[in-house]
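Take a look at the structure set out below.
Read the figures in this text as sums done on the coordinates, not as results from a lab. Note that the coordinates shown come from a computational prediction; the quantities given were computed from them, not determined experimentally. Here the Cβ is made from the backbone with ideal geometry for all residues, glycine too, and neighbour counts use every protein chain on show.
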Amino acid sequence: MTDPKKPSRGVRSQDLRFNIETERETDGRWIAEISDMPGVLAYGKTEAEARAKAYALALRVIADFHRISAI
């Protein structure tokens, strides 16, 4: 049983915000990149899909970094 006075270690109520740059490729795909995080870029059929994929990748990178640094 968890203590109701302690904050949950799961999902936080604050959203992480990233500056996501998008561009449409000549083949119609969208690419989204978070320039503050090298290598975090993703393609999508729509701009929204590319942005969502880049955001999800950024969260995974942060989680992996946190997991590794906790070891």
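Only loop residues by DSSP count here, and only those with at most 13 other Cβ atoms within 10 Å; note down the trypsin sites (Lys or Arg not before Pro) in segment 30-71 that meet that. Answer in residue order: K45.
Between I62 and T22, full extension at 0.36 nm per residue minus the direct alpha carbon distance yields a gain of 12.3 nm. Treating each Cα of segment 20-69 as an identical point scatterer and ignoring solvent, apply the Debye formula and state log10 I(q)/I(0) at q = 0.12, 0.14, 0.28 Å⁻¹. For segment 20-69, the Cα-only Debye profile gives -0.26, -0.34, -0.95.
When peptides 21-27, 34-40 are ranked by their average number of other Cβ atoms within 10 Å per residue, the highest-first order is 34-40, 21-27. Sorting F65, F18 by the number of Cβ atoms found within 10 Å of their own Cβ, with the fewest placed first, yields F65, F18. Of I20, I71, I62, I31, the sequence from fewest to most neighbouring Cβ atoms within 10 angstrom is I71, I62, I31, I20.
Each residue of segment 47-58 is assigned a 3J(HN,Hα), and the resulting list reads 4, 4, 5, 4, 4, 5, 5, 5, 4, 4, 5, 4 Hz, derived from the Karplus form 6.51 cos²θ - 1.76 cosθ + 1.60 (θ = phi - 60°), x at Gly and Pro.
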